[in-house]
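Data first, discussion second: the structure below is written as structure tokens.
The values are calculated or read from the model by the stated rules, or taken from the named source; none is laboratory data. The structure presented is a predicted model; accordingly, all values stated were derived computationally and were not measured. Reconstructed Cβ throughout: ideal geometry from the backbone, glycine too, with neighbour counts over all protein chains shown.
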Amino acid sequence: MHLSARRFFAQNAPKLDIFASVVLSRAPVIAPPMSEVEQRFQRLQKAEEREKSLLNDYELKTKQDEKMVARREQLAREGKELSELDEQIGVTNAVREDEWKRKAAELDAKYNFSTDSGTLDAKSLQRLLDRQVVLIVKQKLGEKGYTSPWILPQMKHRAGETLRQTAERCIGEISGGDFSASISGNAPFAVFTHKYPAPVAQKTGVPCAKIFFFMADLAQNSEEFSVNPEDVSDYQWVNREEFWKTVPGTDYKKAARYAFLE
Amino acid sequence: MSLLSNFAKLSLFQTRSIHQTLPVASSVFMKRQKKIDPEVAKQREARRRKRLEKEIRHMQKHSKKPKPVDELTLDVKSAKNIEERRRPPIELTIEQIDERAIALKDYTKSRGALQREDDAWIRGVLTSQRKALEELKKVSPELYEAAVQPATADLPLIMHGPSLTPPIKNYEAPDGDYIDTTRVWTS
């Protein structure tokens, strides 16, 4: 029964090309800044918690320090012996805090935490660290003198492999560099039907291509990413808004819109 | 007794059983019971009972003791001067109370909106995937069969959430010893 069903499909299936397309995305590296609502809620929540709490040892010592310093000033005005009191005071919390601030500033200067990653060029993996970015390419698709518009990387399905294997091959063939990515799931999450222009369809006898989309995540330790220049003439990492601005074809973008989860 | 033994002589089997049981009770291998003063014996008994009772009490106390929850236990050292630790009471103005209530409400609303967004995404992507699989089934049943196989190799999927600062490139951790201070609760 299976065999006959298969034969039936083979005979009657419309001729079309099958492509697997990969949405290779880099997850956000740092948490996005808090929204205004979140900020206000956090500020007020912290204040409330502080009101309800008890003083801790450090705060007690700060209070004690203030008292001692006031007494010291009083004694100094009266011109009395201070060395004993100084010994009692030791290191005050104010002094400690200054020291901590100095160290924090040192670390800040050393590691430069506040780099604005938005200014980096679109080829850098380090751009837009608080956003999800996906790879879009201009692909040659194995045809001479042809370059696709901005698309998600795709690869034509070969007989004998599963769609997931095609997607894996797609990642392998378009890229180079020191990175690793993993495709999630065997099933495509979306499909798009691309109708070939009439002259092409007439020439090849194939009216359209079905593009099946897969999601892939870039591993977090991926440092560098480069493309295989034989297949890809240009590439960039874009966030959701840039994706909608750069990539042509509303239906194509709509088909792939679930690639973005933010 | 003498009467019994006299009777016993009549039967061969009975003689044996009776004569043999008696020497067993005072066998050479048995320890000879010392005669003890009943007063001392009573004392000993009492002591033993006391010790047993103590052991039972100890076992009851320690047998099924759950491991303490540090957050719930009273820090004795800090509790000593708890009165010093109280903050001066703060009277909130009506505006402040309102601000807090509004902030909480706004926050709750924002979380709800976020949840609905996530929900919509999940529903949308499921529909989208179903549609894609249906199309695939039409195009090629073999590929469809391969696509609906569970991808067990992908699981479990472990991702480490975004941090507040990006990882530092070429960071050299300072030297030091790793000391595990985790308490162990098995006994």
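Quick one: is A:Leu85 surrounded by 13 or more Cβ atoms within 10 Å (Cβ to Cβ), without any contact (Cβ under 8 Å) to a residue 60 or more places away in the chain and outside any helix (DSSP H, G or I)? So A:Leu85 fails the test. When you scan region A:167-177, do you find a residue that is in a loop (DSSP other than H, G, I, E, B) and assigned by TED's automatic domain parsing to the domain that holds A:Asn239, even just one? Yes - at least one qualifying residue is present in region A:167-177.
Among residues of region B:113-136 that are facing chain A (nearest Cβ under 9 Å) and closer than 19 Å to A:Phe192 by Cα, those with a beta-carbon under 6 Å from a residue that is among the aromatic types (Phe, Trp, Tyr) and part of a helix (DSSP H, G or I) at least six positions away or on a different chain give the pairs B:Gly124/A:Tyr258; B:Val125/A:Tyr258; B:Ser128/A:Tyr258; B:Leu136/B:Tyr144. Looking for something on the phi < 0 side of the Ramachandran plot, part of a strand (DSSP E or B), of a type in the set (Ser, Thr, Tyr) and within 14 Å of chain B (Cβ to nearest Cβ) - is there at least one such residue anywhere in region A:232-244? No, because not a single residue in region A:232-244 is on the phi < 0 side of the Ramachandran plot, part of a strand (DSSP E or B), of a type in the set (Ser, Thr, Tyr) and within 14 Å of chain B (Cβ to nearest Cβ).
Do you know which residues across region B:50-92 are of a type in the set (S, T, N, Q) and either modelled with pLDDT of 80 or more or surrounded by 10 or more Cβ atoms within 10 Å (Cβ to Cβ) (or both)?
Of everything in region B:50-92, those that are of a type in the set (S, T, N, Q) and either modelled with pLDDT of 80 or more or surrounded by 10 or more Cβ atoms within 10 Å (Cβ to Cβ) (or both) turn out to be B:Gln60, B:Thr73, B:Ser78, B:Asn81.
Of the residues in region B:64-71, none is out of contact with any Ser or Thr (no Cβ under 8 Å at 6 or more places or on another chain) and part of a helix (DSSP H, G or I). Could you go through region A:126-139 and let me know if any residue there is at pLDDT below 85, farther than 30 Å from A:Trp244 by Cβ, among the aliphatic types (A, V, I, L, M) and surrounded by 15 or more Cβ atoms within 10 Å (Cβ to Cβ). No - not one qualifying residue is present in region A:126-139. Could you tell me whether region A:226-235 includes any residue that is surrounded by fewer than 16 Cβ atoms within 10 Å (Cβ to Cβ) and over 17 Å from A:Glu173 (Cβ atoms)? No, the conditions are met nowhere in region A:226-235.
Condition first: β-branched (Val, Ile, Thr) and surrounded by 10 or more Cβ atoms within 10 Å (Cβ to Cβ). Now tell me which residues in region B:146-187 satisfy that. Scanning region B:146-187 gives B:Val148, B:Thr165, B:Ile168. Scanning region B:129-144 finds no residues that are touching a strand residue (DSSP E or B) at 6+ places or on another chain (Cβ under 6 Å), closer than 26 Å to A:Ala27 by Cα and in a loop (DSSP other than H, G, I, E, B). Residues considered: A:Ala76, A:Ala70. Of these, the only one that is aliphatic (A, V, I, L, M), surrounded by 11 or more Cβ atoms within 10 Å (Cβ to Cβ), part of a helix (DSSP H, G or I) and more than 8 Å from chain B (Cβ to nearest Cβ) is A:Ala76. Give the residues of region A:153-172 that are surrounded by 16 or more Cβ atoms within 10 Å (Cβ to Cβ) and away from chain B (no Cβ under 13 Å), sorted by residue number. Of everything in region A:153-172, those that are surrounded by 16 or more Cβ atoms within 10 Å (Cβ to Cβ) and away from chain B (no Cβ under 13 Å) turn out to be A:Pro153, A:Gln154, A:Met155, A:Arg169, A:Cys170, A:Ile171.
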